[in-house]
1. Run through all the Cα pairs of chain A and give the fraction in each 10 Å bin from 0, expressed as whole percent.
2. Can you order the peptides B:36-46, A:91-101, A:222-232 by their average number of other Cβ atoms within 10 Å per residue, highest first?
3. Over the whole of B:372-381, what's the average partner chain Cβ count within 10 Å per residue? Rounded to a whole number, please.
4. If packing is taken as the average count of other Cβ atoms within 10 Å, what order do B:228-239, A:46-57 fall into, highest mean first?
5. Place the peptides A:127-139, A:301-313, B:211-223 in order of packing, highest mean first, counting for every residue the other Cβ atoms within 10 Å and averaging per peptide.
6. List, in order, the whole-Hz ³J(HN,Hα) value for each residue of region B:422-439 obtained from phi through the Karplus relation with A = 6.51, B = -1.76, C = 1.60 and θ = phi - 60°; use x for Gly and Pro.
7. Hey, can you list the residues from region A:61-99 whose accessible area shrinks by 20 Å² or more with all protein chains present, relative to the chain by itself (probe 1.4 Å, no ligands or nucleic acids)?
8. Quick one: 3J(HN,Hα) in Hz for region A:234-239, Karplus 6.51/-1.76/1.60 with θ = phi - 60°, rounded, Gly and Pro as x.
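The values are calculated or read from the model by the stated rules, or taken from the named source; none is laboratory data. Source: prediction; values computed, not measured. Note: ideal-geometry Cβ built from the backbone for every residue, glycine included; neighbour counts use all protein chains shown. Accessible surface areas use protein heavy atoms only, side chains included; no ligands, DNA or RNA. Shrake-Rupley method; radii C 1.70, N 1.55, O 1.52, S 1.80 Å.
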Amino acid sequence: MDFTTPPYLLKNASVQRVMLQVLLALLPGIAAYVWLIGPIIFVQLAIASLAALAAEALMLKLRDKPLGLFLGDGSALVTAWLIALTFPPMAPWWLLVVGVLFAIVVAKHLYGGLGQNPFNPAMVAFAVCIVSFPALMSQWPALGLGLSFNQQLDIVAGLAPRVDALTGATPLDAIKTALKLGEGSIDVPSLLANQNIFGNFAGRGWEWVAAGYLLGGLWLWKRGIVGWQAPAGFIAGLVLIAGALWLWNPAQFANPLFHLFSGGAMLGAFFIVTDPVSGCTTPKGKFIFGLAAGLLAYLIRVFGGYPDGVAFAVLLLNICVPLIDMYTQPPIFGMKGEK
Amino acid sequence: MLQLFKFRGGVKPQTNKTPSLGEPIAVAPLPTRLIVPLHQSIGGTPDPLIAPGDRVLKGQRIGGADGWISSAVHAPTSGTVLAVEEHVAAHPSGLPTLSVIIEPDGRDEWIARTPVDYRSLAPESVREMLRDAGVVGLGGAVFPSHAKLTASKTVPMEELVINGAECEPFITCDDLLMRERADEVVRGIGIFRDLLRPQRVLIGIEDNKPEAVAAMKTAVQALGENFEVIAVPTRYPAGGAKQLIRVLTGKEVPAAKRSTDLGVQCFNVATAYTAWRAIAHGEPVISRIVTLTGNVERPRNWEVLIGTPLAEFVALGQPKPDTNGYLMGGPMMGFEMPSDAPLVKATNCIIAGSPTLFPPKAPEMPCIRCGECAKACPHELQPFELYWFARAKNFGKTQEYHIFDCIECGCCSYVCPSRIPLVQYFRFAKSEIWAREREKKAADTAKTRFEFRNFREEREKAEKAERLAKAAAAKAAEKKAEAKPAAEAAAGALADAPAAQAAAPTDAEAAKKAAIAAAMERARQQREAAQPKNTEALTPVQQRDIAEVDARRRQAGIETPGEPSGTADANAPAAPAAGSEEARP
Ligand code: SF4
Ligand code: SF4
């Protein structure tokens, strides 16, 4: 027989299947994104995917790994999509390519490839680009401008000048700037009342993108692809600190709901802190990882100099993973209650 | 209704049991020859009691137990002993083991069978009878049953768990046994109960066997027993002894303990059946029920004589043309059986394989730390951590992460999306740890020898020095004596010389003793300096584990370094043991 070791029966599972389901779970969020910004996001997803596959193929070749097996595993596509979804929708194409190359070549393959990277590649890409190209990474399109797909395409391709159309800020930024300019004379509730920017409960339009991620994330949890611990921890961390500060001074701090549905929070909760490779592996560890990432993300986005804090929070936590795992090893069968 | 407990992890592979359930148990025809291995249980290898050319009767003892953890072996039918020789065993390695080859005479003539009423016997004699009847755990682990039938002196026996779960896919032999011969199974359980005197008897059967549950309930009632027949949720490995004990009693038996330490003991239903046949009918274990299924035209259960060659047995099921091998046991823990090996007491199932039934495995990918394996592990280990450490040959760490608690159930490999043969890595790590332990022992022995040689050389040197000193002293005395005036010499020399001679040996004796003491002290210091930091020291519990794992590994066919094939115990196809007979689900 062609098999040598038990078990001879295997579940129908593969890395490819796991990655495919993660991609599927991103679809609701992407749909909302298209509704909000337009089909340009498809272009960005395609650019990122192509760049990722090319980089992956090159690195596999250099490292002398079987191309077909690893190119097909889908892990590069997940990274690519997460990058496209976290970058500004009208970022120039080369910015995306730079991000993807950094993620695949440096963050993934230089660390040993699939399964070996201590840092989340997509978050590495985001962090590197926001530090290197802070202006480009902060140009979010103002909503309701009604740019045509062709105009958007020209901007992405660098054929049209990067104009006023891109000076819109994310809702998170808007609050931060307004508070800074107002120097205490402005309070958050009245800001949030401006539906034009802040929509119904978080950021206009963006709240629905976040809701799409939430939906996809819950589906992943239902399918058993991600555990509840990391997302629950992340949401708990974010809500805890946002809620505490909001209760203490509602005039200066936005409510937890706003934070939960703004920026990369939902994407982070279900698709970033749940990354198995760079995250914790023990159930308790996953929760701690999520919780700490949620707290840190809030601190960075509210008190730090960057528009959002998820990426930096996750990268910082990635460093702590071995330690957290070591101290959260669960007791084994028959040894509970013993040391 | 009894409260059931849950064990964590486990998987739900397709059970594939239906095909072999269609027909009742049939008695397999007499094969043309029988190859009966002498070593068919955990423990010692029985001594052959016959010689080539002897005529044997059905049920005649041909191998006598050579110790307490050992079990007798019998002639499955009447005939002539052709040879007592090494023959390929039902063992993945295909290593030969000492076997008795019998040519049946076709008369199937029994020895005089003497049924006894075990209640009139001392428990001691009942246990001896079981040993001499070759009753061993038929769940697959073949641990001698009599050795499990003494209650702990310190811990009260609370539950006797009877394992009829049969959780491995494809296997149905226990199911049909319970359906067709429940009465005798229950009577057999009665023997165990009377020997162990537990407070409760719990019979666990997976809930995908409602007929077996019903049959057992009826039998228990008809015999007026108070055993509880419990349907347990179907989930592999619910039939692992530790998992079933957990489900029925809530107790978790760690690797470091025996179940009796927690007041539980566990037996397989087929074992109970053979115990009853042995005591009440005087029939030793010469046959068992074997499921023949998989890629065959006629899957069903057969009552087969132990020693039937695999080829003759599988012919009964008419294997399909694309059959490319045979598994012994289930697809989760079984192994590919050498085609010329005989069926043994551990053989509960033979599955004919084909490329469609067991497709070639997909290539192995790197671990993505998804944790699926940890979720599936019934012993709540972190298989991927064990895998990283085993791969890195960091065996100390594998022990820290409890590698010896792994029962090799295969759940982790089953779910792994990266298709990593995790169990294989764990076996490798276990065998390495075990081999190192042996090497260390060998090194210790060598060191002791070396130290003794050093000591001896030192002693010899000291003695030589003493002799020289003595000679010198004697010479000096002589010279002194010579130097004395001749007048004095006449009287003085006579008095002096003996004195000098007497003094010299005394001094020499003391010096020699001191030298020996010094040499011993030096040796001690050297030894202390050479003592390795005790990183590899194992506790007695771990050593016991290692011994047991060794047995299992031999079953698994992993050749142990340091134990060349052909030595007395290397060729013994010991079945797995994890301290109890039903270690295998
Ligand atoms: S199931 Fe496989 S890939 Fe997932 S953590 Fe375990 S060993 Fe790694
Ligand atoms: S084979 Fe060992 S590690 Fe894997 S699931 Fe079974 S007990 Fe756990």
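1. 6, 24, 34, 23, 9, 3, 1, 0
2. So the order, starting with the most tightly packed, is B:36-46, A:91-101, A:222-232.
3. Working: counts 6, 0, 4, 3, 1, 2, 1, 4, 7, 4.
That average works out to 3.
4. Output ranking for B:228-239, A:46-57: B:228-239, A:46-57.
5. Packing proxy ranking, top to bottom: A:301-313, B:211-223, A:127-139.
6. Karplus values, whole Hz, x for Gly and Pro: 4, 4, 4, 5, 5, 4, 4, 4, 4, 5, 5, 4, 5, 5, 5, 4, 5, 4.
7. Buried on complex formation: A:69, A:70.
8. 4, 5, 4, x, 5, 5
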